[in-house]
C-alpha cells in the first residue's frame, strides 16, 4: 500500500515541470511535429492539364505545428498538473504555483499585444493575408458576443438560450435605419455616417429588448428561464421572417458596408485610399473591421471589468450565489436582473450592428438557435464568469470550425461525398465532452475578487456557485 | 400589567396569523420586542418560530395581523405589507438564516460590501457616476470598506477578509452572516439560530458579540435559539411558542420557572446544565399541577392600531 | 465475528490541495457508541463523509466488518449496513415525510417497514403528524429529526450521526440521546457520533476521539475524556 502511494507521488512529481523544462519540451514537440509533417503534409501533387505538379503548403504545416504546440502547452498547464502529495516539501509546490501565477499575470497583456499586432503578423503568412484577417474578425466578434453573454450567464447566473435575439435586433436596427429610415429622415447624405450613429442606437434598442424580455421571465429560474429565453430567440427570428413589409422577410436586406468616418472602402474617387493617397487594396477594409471589432470587444471587456467592481456588479454575482440572501440585504433583485439582461443585450446589439456593417447583408438565416448555443458553449467552456477563459474558448471553438475548412486534403482518404467540414460539429461536440470530463468548470476556473484588504487571492471554482437561472 | 418591553417597543406583533392551506403555522400571536433589548423566541421544533421571522422580514405575507416596526423618531413601518427587500432597505430590519446563506464564492470582504449595496448604489449615481470614477463614489466606497473593517474586527474575521466565505469554518460563517447583516446598518436584527452548531466556547463569544451589538450599536435583537446558554444568558425578554401560539412571555427567570415551558420545551434538566437551585425550582414546578388554561390570556392585550399610517414606502400586494 | 466493526488506518482526505484529514486512525467496535468531538473546521464531518466514500480517502484504509471499503462506491457502502444522518440534513424536500422514510428503508427492501416506521414515530411524534407533508415544508428541527429517522429506517449495523442535536429543542435533544442509548442497549446498534454538544456525547460514548486540525489528538473512553481538564476547557466550558 505504501508502495502505491509512493508510486503516485512519484508520477505526480514527474509532471510538475519547471517553465524551462516545459519550454524545452515544447521545442522538442515542435521539431518532431515538423519532421513528421514535412513528408506527410508539406508536399502535394496536383494534376494540371496532364502534368503533375508539386505544390508546397507551408502555412498549413506551420499552422498544424502551432496547434500541436499550443495543445501541448494547454495540457501542461491544465491537465498534467497534480496537487502535491502530502508530506512533500511545500517549497516545491510554492515554486510551481509561482510560475503559474506569473503566467496568469502576463497572459492577458501578452494576448492584448498579440491582438493589436495580429493583422500585421498574418501579412507575413503567404496565402493567409486576407483569410487570416477574416478569421480573426470572425473569432473576435464571437469573443465580444460571449463577453456580453457572460454578464448574464457568468456573472448574474441567469441561463439565457436566446442571446442571438439581441444580436438580431442590433443587426436589423443597423440594416433598417441605414437603408430606409435614416435616408428618409435626414436625406441620402447621411448614409456613409450611419454606422457611427446607429451603433449606439442599436445597443440601446437591444438593451430595451433585454428589459422587455426580462420582465416576464424574472420570476422563472433555471430550466424554465432557459426555455423561455430560447422561445424568445425563436420568436424574434420568426417575426423577422414573416413581417415582410418591414424586414423583407427571408430575402434579407442589402446594407451599405461600414465606412471610415464617411470614407468608403472602394476603388473610386472620394474613397479611403483616394483620400490618403495610397493605392487601393481590399485589405484596408479588413484592417478597419478588425480594429473596430477589437475596439468594441475591448470596450465590452473594460466595461464588464469596471461594472464588476461597482455595487451593481457585486449584486449580480451575489444574485448568482444566493438570491434570497440578496433580498434579505435589501437588494432589489428584480432591477438587478433587469440591468444584467439589458447590459448583456446591449453588447449583443453592438456586435449585431457590426455584423451587418461587415457582411453588407442581413437575413433571418444568420440568427438561428445554433448561434445562441455556440455563444453559450464558449462562455461555459471558457469557465463561467472568466473573461480570459472566453478568449481561449472562442479561439478553440471558432478556430477549429475554420480549421475544418482547411482539411480538404483529407478528401483523399475519405469516401466519395463525405467532406471533412461536415464533421465539424461532431468534433467540436466531442471536444466539449472531453473538456467537461477533464475541466468540468471550464478552461479558466479562477474567480478574481473585486475588492481586497491585504492580498488578492483568487477564489477556486468549486466554491463559486453557477447560479440557478 | 405592562412589562418593560411594552413601554416603547421597537417591534409590535399583533394578532399575527399565518396559514398554509389548511395548516395554521401561527395562530393569533401578539408580542412586543423592546428597544435596545434582546428578545428571544423559543419553542419546540415546528412551533412556527422561523415562520414568524419570515413574516417580519417579508418573506411571507401573513394571513392576518399587524407587524409594526417603530423607529425612535416616531416613524412607523407596517412590515406585513412591505416587500422583503424594502423592509431591509427602508425599515432597517436585517436577518440571518438558519442554514447559513452566504455568498460562498465571494470573499468575506465582498460579502460585507454587497450588504452595503443600497448606500453604494446611490453613491455611484446608479452606476453612471461609478463607471466614470466619481470622487463621491470613491469616498463612499472607502467609507464602506472602513465599516467592513469595523465589523471584521468585531467578529474576529479580519485575518480572513480576503478568503472565500465558503472556506471559513462553520462558526466563522455564522459570525460573518451576523457581520453582513450589521453592515446594512439595521435597527432591528433578527437572528435565526445563531448558535446552532457552535461549541460552548464559540457560543460564549457569540453572547459577547450580541451584547455589544445591543449596547454599543443600540440595535434591538430578535433571536431564535435552542442553546439555552445563549437564550438564558443574554435575553432581556423571552417569548415561547408552541404549535404557533404563545404559551409564555416574560423574563428569563420567569420562563425558566414556567411549568408549561418546561413541559413543552425544556424538559427536565440535567444536573450539569443548570445550577442546583434552578434544578430544585424546576422539580418543584413540575411537581405542581399545571395551572388550568395554558392560554395567552394573561398576556392578551387590546389591539393597538398604528396611529400614523406610514407613508415612506409604496407597497405591492402579496408576493409569490 | 470480528470484534472491530469499523476501522480506519492512516486516513487522509483532501479538498483540492487542502488536506482535511492528516492520517486518522480510529475504530468502532461491535455494539459500541463512539464519538468524535472537536471544534468547527477540525475535519469531523469530513471523516464522516470519507467513511461513506465521498470524498474518497486519498490514502489510508477503511475497513467495515473486515472488508476494505475504501474504494467502494457510496451506495455499496450503504448496502453493507452503514447509514448516515449527514451534515446539512439532505432530506428529499419534494417527497413527503413518509416517502422519505421509505427511501431510508429501500436498503433493506422494506422488510421491517411498519415496525420501523412505528419506532421512528414513537421517537419523533411530530413526524407522524406531518407524515403526509412535503419534507421541504418542515421546520429545520423537524428536518433534522427526519434525517435521523430515515437513517434508522435502514436498520444499519453502524449508524453515523453528524451533529444530531443541531437546531433541536432541548427536550428533543434529550430524547435523541436517550434513543441512541436505548437502540444501542437493546439492539446492539453501533453508533459513530459527531457532536458539538460534547457533554452529552461524551457521557454516552464507550470510546471517544478528540480531533484538532485533521488529526486525532486524544482518545479514551467518554468518561476519561470528560474528566480531562484540557477537554473540559476546550469543548465543555464557555468563557475565557
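Tell me the helices (runs of 4 or more DSSP H) entirely within the range A:279-371 that contain at least 2 residues that are out of contact with any strand residue (DSSP E or B) (no Cβ under 7 Å at 6 or more places or on another chain) and either away from chain B (no Cβ under 12 Å) or closer than 14 Å to residue A:203 by Cα (or both). Can you show your working first?
Details: elements: A:283-308, A:311-321, A:323-328, A:333-359.
Per the criteria, A:283-308, A:333-359.
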Mind checking which residues of the range B:74-96 are in a helix (DSSP H, G or I) and either more than 8 Å from every other protein chain (Cβ to nearest Cβ) or over 15 Å from residue B:177 (Cβ atoms) (or both)? B:79, B:80, B:81, B:84, B:85, B:86, B:87, B:89, B:90, B:91
If we scan the range A:436-452, do we find a residue that is within 22 Å of the chain's Cα centre (by Cα), in contact (Cβ under 8 Å) with a residue 12 or more places away in the chain, surrounded by fewer than 18 Cβ atoms within 10 Å (Cβ to Cβ) and more than 13 Å from chain B (Cβ to nearest Cβ)? yes
So, residue C:43, is that one in contact with a strand residue (DSSP E or B) (Cβ under 9 Å, 6 or more places away or on another chain), touching a residue at least 12 places away in the same chain (Cβ under 8 Å) and over 30 Å from residue C:224 (Cβ atoms) or not? no
Scan the range B:82-98 and give yes if some residue there is crowded, with 24+ Cβ neighbours inside 10 Å and on the phi > 0 side of the Ramachandran plot, otherwise no. no
Residue B:99 at the interface with another protein chain (Cβ under 8 Å from one of its Cβ atoms) and in contact with a helix residue (DSSP H, G or I) (Cβ under 9 Å, 6 or more places away or on another chain): yes
Among what's in the range C:116-138 and is over 20 Å from residue B:263 (Cβ atoms) and part of a loop (DSSP other than H, G, I, E, B), pick the residue that is farthest from the other protein chains (Cβ to nearest Cβ). C:131
Return yes or no: is residue C:64 away from chain B (no Cβ under 14 Å), under 30 Å from residue C:199 (Cβ atoms), touching a helix residue (DSSP H, G or I) at 6+ places or on another chain (Cβ under 6 Å) and in contact (Cβ under 8 Å) with a residue 24 or more places away in the chain? no
Residue count, the range C:14-31, condition closer than 20 Å to residue C:85 by Cα and either modelled with pLDDT under 90 or touching a helix residue (DSSP H, G or I) at 6+ places or on another chain (Cβ under 8 Å) (or both), comes to 2
Here are the criteria: (1) within 14 Å of chain B (Cβ to nearest Cβ); (2) more than 21 Å from residue C:173 (Cα to Cα); (3) at pLDDT 85 or above. Tell me which single one residue C:231 does not satisfy. (3)
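Quick check on residue B:209: is it out of contact with any helix residue (DSSP H, G or I) (no Cβ under 6 Å at 6 or more places or on another chain), more than 9 Å from chain C (Cβ to nearest Cβ) and buried (at least 23 other Cβ atoms within 10 Å of the Cβ)? Don't jump to the end; show me each part of the working.
Details: out of contact with any helix residue (DSSP H, G or I) (no Cβ under 6 Å at 6 or more places or on another chain): yes; more than 9 Å from chain C (Cβ to nearest Cβ): yes; buried (at least 23 other Cβ atoms within 10 Å of the Cβ): no.
No.
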Quick one: in the range B:103-158, of everything that is crowded, with 24+ Cβ neighbours inside 10 Å, within 25 Å of the chain's Cα centre (by Cα) and not in a helix (DSSP H, G or I), which residue is farthest from the other protein chains (Cβ to nearest Cβ)? B:116
Where residue C:134 falls short, out of the listed (1) under 23 Å from residue C:180 (Cα atoms); (2) in contact (Cβ under 8 Å) with a residue 40 or more places away in the chain; (3) in contact with a strand residue (DSSP E or B) (Cβ under 8 Å, 6 or more places away or on another chain): (1)
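Looking at A:426, A:396, A:374, can you tell me which residue is assigned to a helix (DSSP H, G or I) and more than 23 Å from residue A:134 (Cβ to Cβ)?
Values: A:396 fails: more than 23 Å from residue A:134 (Cβ to Cβ); A:374 fails: more than 23 Å from residue A:134 (Cβ to Cβ).
Among A:426, A:396, A:374, only A:426 is assigned to a helix (DSSP H, G or I) and more than 23 Å from residue A:134 (Cβ to Cβ).
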Is it the case that some residue within the range A:177-194 is surrounded by fewer than 21 Cβ atoms within 10 Å (Cβ to Cβ) and within 11 Å of residue A:345 (Cβ to Cβ)? no
Residues that are assigned to a loop (DSSP other than H, G, I, E, B), surrounded by fewer than 19 Cβ atoms within 10 Å (Cβ to Cβ) and within 14 Å of chain C (Cβ to nearest Cβ), drawn from the range B:13-58: B:21, B:22
Quickly run through the range B:159-179 and pick out the residues that are away from chain C (no Cβ under 13 Å) and either within 15 Å of residue C:41 (Cα to Cα) or modelled with pLDDT under 95 (or both). B:159, B:161, B:162, B:165
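For (1) free of Cβ contacts under 8 Å to residues at least 40 places away in the same chain; (2) under 21 Å from residue A:391 (Cβ atoms); (3) over 18 Å from the mean Cα position of the chain (by Cα), each residue gets a yes or a no:
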residue: A:126; (1), (2), (3): no, no, yes
residue: A:132; (1), (2), (3): yes, yes, no
residue: A:146; (1), (2), (3): no, yes, no
residue: A:164; (1), (2), (3): no, yes, no
residue: A:180; (1), (2), (3): yes, no, yes
residue: A:186; (1), (2), (3): yes, no, yes
residue: A:191; (1), (2), (3): no, no, yes
residue: A:202; (1), (2), (3): no, no, yes
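Considering only residues that are within 11 Å of chain B (Cβ to nearest Cβ) and surrounded by 16 or more Cβ atoms within 10 Å (Cβ to Cβ), look in the range A:458-469 and name the one that is nearest to residue A:337 (Cα to Cα).
The residue in question is A:467.
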Please work out which one of (1) out of contact with any strand residue (DSSP E or B) (no Cβ under 7 Å at 6 or more places or on another chain); (2) part of a helix (DSSP H, G or I) is the condition residue A:179 fails and give its number. (1)
Condition first: in a helix (DSSP H, G or I) and more than 10 Å from every other protein chain (Cβ to nearest Cβ). Now tell me which residues in the range B:232-260 satisfy that. B:232, B:234, B:252, B:253, B:254, B:255, B:256, B:257, B:259, B:260
Checked A:223, A:274 against criteria (within 26 Å of the chain's Cα centre (by Cα), in a helix (DSSP H, G or I) and farther than 18 Å from residue A:348 by Cα); the one match is A:223
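Only one of A:305, A:254, A:281 is over 30 Å from residue B:184 (Cα atoms), modelled with pLDDT of 90 or more and surrounded by fewer than 22 Cβ atoms within 10 Å (Cβ to Cβ). Can you tell me which? Steps first, please.
On the way: A:305 fails: over 30 Å from residue B:184 (Cα atoms); A:281 fails: modelled with pLDDT of 90 or more.
From the options A:305, A:254, A:281, the qualifying one is A:254.
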Across (1) modelled with pLDDT of 90 or more; (2) in contact with a strand residue (DSSP E or B) (Cβ under 8 Å, 6 or more places away or on another chain); (3) more than 14 Å from every other protein chain (Cβ to nearest Cβ), residue C:107 clears everything bar (1)
Among the residues in the range C:82-89, are any within 14 Å of chain B (Cβ to nearest Cβ), in a loop (DSSP other than H, G, I, E, B), more than 25 Å from residue C:150 (Cβ to Cβ) and in contact with a helix residue (DSSP H, G or I) (Cβ under 7 Å, 6 or more places away or on another chain)? no
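The values are calculated or read from the model by the stated rules, or taken from the named source; none is laboratory data. These numbers come from a predicted model, not from an experiment. FYI the Cβ positions are ideal-geometry reconstructions off the backbone, even for glycines, and counts take in every protein chain you see.
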